[in-house]
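*Asks:* This is the structure I want to talk about, given as structure tokens.
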Amino acid sequence: MTPRGSAVSWFVALVRNLFGGGRRDAELRADIDSYVEMLVDEKVAGGLTPEAARRRALIEVGSVDGVKDSTRSVRAGAPLAQIGNDARYALRMIRRDWTFSAVAIVTLAIGIAGTTVMLALIQGVLLRPLPVLEQDRLIVAWKEVRTSGSAQYPFGKTDIEAVADASRLLVNTAGVSRHGVGRAVIVENGVSAFVNDALITGGFFDVLGVRAILGRTITRADDVDGAENVIVISHRLWQRRYGGSREILGRIVRLGEQPFTIVGVMPPDSDYPRGVEVWRTTRSVPATGPFGDAARQEVNLVARLRPGVTIEQATSELTTLSEQLDAKASPKVTVDLRPVVRSYEDVVVGDIRTSLIALLSAVGLVLLISSVNAANLLLMRGETRRGELAVRAALGARRSTIVRQLIVESLVLALAAGAVGLAVAWWSLQALLSLVPDGLPRVESIRIDATVLALTLAIAFMTALLTGFAPALLSMKADLVSQLRSGGARGVAGPSARHGRRTLVVAQVALAVIIVAGAGLLIRSVLRLQSVDMGLAVDHLMLVNLDVPQAKYVDRGRHAQFLDEVMSQLESVSSISAATPVNVAPFTGQGWDVPTFTAEGQNVQEAAANASLNLESIHPNYFDTFDVPVIRGRAFTAADREGSQEVAIVSEDVAAQTWPGMDPIGKRLKIGHLPDPKTKWYTIVGVAASTRYRDLMRARPTLYLPAAQFQMTALMLALRTTASLDLAASLARDRVHAVDPDVHVIRVAQFTEMLDEPLARPRFNAFLLTVFGLTALLLSTIGLYAVMAAHVRQRDREIALRLALGATATSVRSFVLAEALWLAGLGAVIGLVGAAAATRLLRGMLFQVDPLDPSSILGAALLLIAASVLASYGPVRQATGINASSLLRNDY
Amino acid sequence: MESRTDLLRGTLDLLILRSLTTAPLHGLGISRRIAQITQGSFDVKAGSLFPALYRLEERGLLAAEWGDSDTQRRAKFYRLTRLGRKQMQVEEANWRRVAIAMEHALGPTS
């Protein structure tokens, strides 16, 4: 039944209230004051003395503040105006206690910055849609051996078209090089460099549904006989190599000695196959080149599903289709294969998901620690402000007003922290992206975008509530009267506040133990990886990359002869003790496989259980150069030539598995597991120690064949030399040039440099988690310090009494230290339990380290306890420095 | 009076409007006038009076200006606006209806 009024005048009032500055408040104040004065006048007129009249009047009015408060609260726009007021008040408080505020803001900013960076990584890598049309409908498929599930087998290029014709579930199909990107030599203006090239069939970009941002993509018309050779380049290569110039369309570059015309630039974040810089057709590979046929024919299948078709349905259809195709194939397929289908997204993003999520969890813990820390700071300040709050409450300020102000205050703090955190995040993301390993997918898509920004803001608000809520609640619970009476300004913490603070410290220590333990595990894992026995001696070993003109060396015999001459030239140098041609760079996981083999005497079932083997075609000096021990039998010699007995060397694990307890020398095996009388038998002449040449993570069973009998085109040389890198490089250039001036040395590198790539991801993970761990350690140490300092300050009278009653400095020290140790110890124990549960998240990121590795987990707990002892050093000194007599005299 | 219901707030609003029908008054004057016209039943304290005054002023039912009181104090004098006068009549009619209805409902005091 409240009388309604005019909306216009209400709106005018709203504007005046919000933007009129303090004028309306001043008017209200004057109005109330005059009311009081007139009340006094009235009472004086009634016969009271002025003093009595004033006292009576004030009692009658009650609290002037209260009247003002309740009047303000009904005014137009009151909620907004109040928040504005509170914010102004909060800013004043923040300025007044600047050190405190700075510490709180920095603490929160650290947590917010870390979380923002991780969110940007996750948003960029995992969540942002890939730059393709309807990524959910895209699949990538290859084949594996049905019995062992090992090895990736390709589809034939003709299969791709046959599948497209026959399939009812796939709309569109294309092929893409099965090994991902290759390294090609690009020559422009006589300068050669490496680029990562990917081979695709004409329909590739059509299947993905991407357009070029400049020029056009490769189309089916480019993938026919007689078509001009064209390439499409990545956005990154365009920026890096051509400075983003629009003039590059139509430009002609030499790639693998053929001219190619640049016809288009793809959008950023088009990173499939990963690391690709140049896309070209499979057809552009000369059939006459090394493995040209394979490169032209063997591809993985990329396809678009009809809407609503699942991966399982696609798999079963592909299985049927490829069985039909294999049955018709000629020559007959000797291996029993089945298709494997993955979503495009899985293939592009790969196995990074688990590590990103583990890192996000860690950073979440850091955020939690920093919130807890800030809450602790607010709580402590809340205690010193008890007096102020009690006075205000006594003057009639409503409790809800005070609580609201506390929360607005932490909100303002959190917003400031959010701004600082965002700046730090932006900066550290730039720094981080320059450190990011090549293996991280979708780097171009990582940035702080609107979503990340919104999440950061939400996190800032959340931390504000987290940090402001506990102190606000406690201040509400506080008994104001007793506060006032006991001299609240001195800031004696009530038991509940002290309990709250200690709980928060214990929580911080526990959380920090978890993160530090995780970091410890990853660091140990990287150390293990770095020092793992590779089975070959990596020191004094160098790799030389050659640019061999393919047209000139189409004839394999000629290529072999060239290599032999270079070898003998190099080995005549005294500082080079051994040299050998190599097919594939180390630790890439790539190379040639023998998915199945049959040992003499094995039936089909037994043969099917054999491991998939790495295949290395090697020269006689291979084992000497890499210093791989030949355990039994002999290495290859020059006598193992074309036409002589076909020989092989296997790694020790192959020997042990295939011929357990027997002497493998003289045994025979053939490639494939279906009986095929045409394939050759290889006689084992030696057993070599296992190496991690192919894959740093694990030694792989390997079959070595002499290059003279099973030649692959080696475009790399390995040298064992005592010479410096520069000397070795110039030696290699001279000698290669002396044999053939048309062959160029592209690069000479220490072998150990090759370790950087497989170590990049583990190092990156360990680096990030270590940064988080150190942050957690620092924050929780600061938290403990603050609590111990406050603790000592608030118990100074007790300590003074103890000292006065004859306690020694030592006993006081140990009494304070015991408190710190008790808190840290409790936190550490809880952290141990938490770590044992949480490190399981890291399992996939660990190498030869158990997730429960005691030295990492216990080490983390001990580290935290040690840090706590350090943190309590200051408070301990402070305690013994208390001047008992003056303190006691002053207070009592 | 903080916890009184909307009905009572409506009562206070109406009483304030009513108290201003003859002449502009300052806060204390309104309080005293209400006591007078309700024969002492309502003693409106500052804590309820000021929120009501400001609310009514913001809704355009009251207008105010500063002037001098009988005791030569600066004071804010409130008066009814045209809208306020009209609204008062509406509210009065409402109240009369309610009062009659309530009387019927409660029956004669026995």
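The values are calculated or read from the model by the stated rules, or taken from the named source; none is laboratory data. It should be emphasised that the depicted structure is a prediction, and the values quoted were computed from it without experimental measurement. Every residue, glycine among them, receives a Cβ derived from its backbone with ideal geometry; neighbour counts consider all protein chains shown.
*Asks:* So which of B:L49, B:L53, B:L80 ends up being more than 9 Å from chain A (Cβ to nearest Cβ) and either touching a His at 6+ places or on another chain (Cβ under 7 Å) or under 14 Å from B:L20 (Cα atoms) (or both)?
*Replies:* That would be B:L80, the only listed residue that is more than 9 Å from chain A (Cβ to nearest Cβ) and either touching a His at 6+ places or on another chain (Cβ under 7 Å) or under 14 Å from B:L20 (Cα atoms) (or both).
*Asks:* Same structure, new question: Which members of region B:35-46 meet the condition of being at the interface with another protein chain (Cβ under 10 Å from one of its Cβ atoms) and within 12 Å of the chain's Cα centre (by Cα)?
*Replies:* Answer for region B:35-46, where residues must be at the interface with another protein chain (Cβ under 10 Å from one of its Cβ atoms) and within 12 Å of the chain's Cα centre (by Cα): just B:D43.
*Asks:* Specify the residue that is farthest from A:I32 (Cα to Cα); the eligible residues are those in region A:46-64 that are surrounded by 13 or more Cβ atoms within 10 Å (Cβ to Cβ) and more than 11 Å from chain B (Cβ to nearest Cβ). Give the steps one after another, and end with the answer.
*Replies:* In the first step, residues of region A:46-64 are kept if they are surrounded by 13 or more Cβ atoms within 10 Å (Cβ to Cβ); the result is A:48, A:52-58, A:60-64.
With more than 11 Å from chain B (Cβ to nearest Cβ) added as a condition, the list becomes A:48, A:52-56.
Working: A:L48: 21, A:A52: 19, A:A53: 17, A:R54: 14, A:R55: 16, A:R56: 16 Å.
Per the stated criteria, the residue is A:L48.
*Asks:* Among residues belonging to region B:10-34 that are in contact with a Ser or Thr (Cβ under 9 Å, 6 or more places away or on another chain) and among the hydrophobic types (A, V, I, L, M, F, W, C), point out the one that is farthest from the other protein chains (Cβ to nearest Cβ).
*Replies:* Checking each candidate, the answer is B:I34.
*Asks:* Looking at A:A227, A:A295, A:A303, A:A221, can you tell me which residue is free of Cβ contacts under 8 Å to residues at least 40 places away in the same chain and not β-branched (V, I, T)? So that I can check it myself, show each step before the final result.
*Replies:* Working: A:A227 fails: free of Cβ contacts under 8 Å to residues at least 40 places away in the same chain; A:A295 fails: free of Cβ contacts under 8 Å to residues at least 40 places away in the same chain; A:A303 fails: free of Cβ contacts under 8 Å to residues at least 40 places away in the same chain.
Testing whether each residue is free of Cβ contacts under 8 Å to residues at least 40 places away in the same chain and not β-branched (V, I, T) leaves just A:A221.
*Asks:* Output the residues belonging to region A:133-163 that are at pLDDT 90 or above and β-branched (V, I, T).
*Replies:* A:I139, A:V140
*Asks:* Tell me which of these A:W238 doesn't satisfy, since it passes every other one: (1) surrounded by 17 or more Cβ atoms within 10 Å (Cβ to Cβ); (2) among the aromatic types (F, W, Y); (3) at pLDDT below 90.
*Replies:* With respect to (1) surrounded by 17 or more Cβ atoms within 10 Å (Cβ to Cβ); (2) among the aromatic types (F, W, Y); (3) at pLDDT below 90, A:W238 is out only on (3).
*Asks:* May I ask you to list pairs of residues, at least six apart or on different chains, whose Cβ atoms are under 6 Å apart, with the first in region A:775-800 being surrounded by 23 or more Cβ atoms within 10 Å (Cβ to Cβ) and the second being at pLDDT below 80 and of a type in the set (S, T, N, Q)?
*Replies:* A:V792/A:Q878
*Asks:* Of the conditions (1) without any contact (Cβ under 8 Å) to a residue 60 or more places away in the chain; (2) touching a helix residue (DSSP H, G or I) at 6+ places or on another chain (Cβ under 8 Å), A:S568 fails just one. Which one is it?
*Replies:* Result: A:S568 passes all but (2).
Residues are listed down the side, and each one gets a yes or a no for (1) within 24 Å of A:V582 (Cα to Cα); (2) more than 46 Å from the chain's Cα centre (by Cα); (3) not in a strand (DSSP E or B):
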position: A:A639; (1), (2), (3): yes, yes, yes
position: A:A648; (1), (2), (3): yes, no, no
position: A:D653; (1), (2), (3): yes, no, yes
position: A:Q657; (1), (2), (3): no, no, yes
position: A:I665; (1), (2), (3): no, yes, yes
position: A:T679; (1), (2), (3): no, yes, yes
position: A:T683; (1), (2), (3): yes, yes, no
position: A:T691; (1), (2), (3): yes, no, yes
position: A:L696; (1), (2), (3): yes, no, yes
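*Asks:* Can I ask one more? Within region A:21-34, is even one residue within 12 Å of chain B (Cβ to nearest Cβ) and in contact with a strand residue (DSSP E or B) (Cβ under 7 Å, 6 or more places away or on another chain)?
*Replies:* There is at least one residue in region A:21-34 that is within 12 Å of chain B (Cβ to nearest Cβ) and in contact with a strand residue (DSSP E or B) (Cβ under 7 Å, 6 or more places away or on another chain).
*Asks:* Name the residues in region A:558-605 that are over 20 Å from A:T713 (Cα atoms) and aromatic (F, W, Y), would you?
*Replies:* Narrowing region A:558-605 to residues over 20 Å from A:T713 (Cα atoms): A:571-577, A:595-605.
Hit for region A:558-605 is A:F597, nothing else.
*Asks:* Moving on. Do the conditions hold for A:V748, that is, is it β-branched (V, I, T), crowded, with 18+ Cβ neighbours inside 10 Å and not in a strand (DSSP E or B)? First the steps, then the outcome.
*Replies:* Numbers: β-branched (V, I, T): yes; crowded, with 18+ Cβ neighbours inside 10 Å: yes; not in a strand (DSSP E or B): no.
It is false that A:V748 is β-branched (V, I, T), crowded, with 18+ Cβ neighbours inside 10 Å and not in a strand (DSSP E or B).
*Asks:* Give just the number: which of (1) closer than 27 Å to A:T401 by Cβ; (2) facing another protein chain (nearest Cβ under 9 Å); (3) not hydrophobic (A, V, I, L, M, F, W, C) does A:D41 not satisfy?
*Replies:* (1)
*Asks:* Sticking with this one: Go through A:R558, A:R528 for me and flag whichever is in contact with a Phe, Trp or Tyr (Cβ under 6 Å, 6 or more places away or on another chain), over 18 Å from A:Y622 (Cβ atoms), surrounded by fewer than 15 Cβ atoms within 10 Å (Cβ to Cβ) and at pLDDT 85 or above. Quick ask: steps written out before the conclusion?
*Replies:* Values: A:R558 fails: in contact with a Phe, Trp or Tyr (Cβ under 6 Å, 6 or more places away or on another chain).
Matching residue, one of A:R558, A:R528: A:R528.
*Asks:* Pull out all pairs, ordered by first then second residue, where Cβ-Cβ is under 9 Å, the residues are six or more apart or on different chains, the first lies in region A:383-403 and is of a type in the set (D, E), and the second is modelled with pLDDT under 70 and not in a helix (DSSP H, G or I).
*Replies:* A:E383/A:G491; A:E383/A:V492; A:E383/A:A493; A:E383/A:G494
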